[in-house]
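What follows is a set of notes on a single structure, which appears directly below.
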């Protein structure tokens, strides 16, 4: 999905240049997306410089709708009003989705 960049909070980068729209990954399941006005999402960036172990990089594909290699910022998961979504861009493959879910669990694992 894309949202207006102004709706996303970037707590460590207050001087960054805002973009008109930003790709984000919806993390809420289909039922929550249908029934709730709020979803969970993770912003994405096309700056593929390694920043954090909690982030994942994906290559563009026809199915995911990305325009260039991008990182999903799983250390910046946040709520978003569905009304702020500008457009749906694509869907991760099952393999990509499983990587995201594995990474999220790893991010929170305290073992």
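So in region 78-111, with the set limited to residues that are part of a loop (DSSP other than H, G, I, E, B) and under 14 Å from the mean Cα position of the chain (by Cα), which one is nearest to residue 55 (Cα to Cα)? Break it down stepwise before answering.
Start the filter on region 78-111 by keeping residues that are part of a loop (DSSP other than H, G, I, E, B), which leaves 88-93, 109-111.
Of the ones still in play, those that are also under 14 Å from the mean Cα position of the chain (by Cα) are 88-92.
Numbers: 88: 22, 89: 20, 90: 19, 91: 18, 92: 15 Å.
Ranking the qualifying residues of region 78-111, first place goes to 92.
With respect to the conditions (1) assigned to a strand (DSSP E or B); (2) surrounded by 17 or more Cβ atoms within 10 Å (Cβ to Cβ); (3) modelled with pLDDT under 95, residue 25 lacks only one, and its number is (3). The set of residues in region 57-75 being more than 19 Å from residue 109 (Cβ to Cβ) and touching a helix residue (DSSP H, G or I) at 6+ places or on another chain (Cβ under 8 Å) consists of 58, 64.
Would you mind stating whether residue 54 is assigned to a loop (DSSP other than H, G, I, E, B), in contact with a helix residue (DSSP H, G or I) (Cβ under 7 Å, 6 or more places away or on another chain) and at pLDDT 90 or above? So residue 54 fits the description; yes. Do we find a residue being at positive phi and over 11 Å from the mean Cα position of the chain (by Cα) anywhere in region 61-69? Among the residues of region 61-69, at least one is at positive phi and over 11 Å from the mean Cα position of the chain (by Cα), which makes the answer yes.
The values are calculated or read from the model by the stated rules, or taken from the named source; none is laboratory data. Note that the coordinates shown come from a computational prediction; the quantities given were computed from them, not determined experimentally. Every residue, glycine among them, receives a Cβ derived from its backbone with ideal geometry; neighbour counts consider all protein chains shown.
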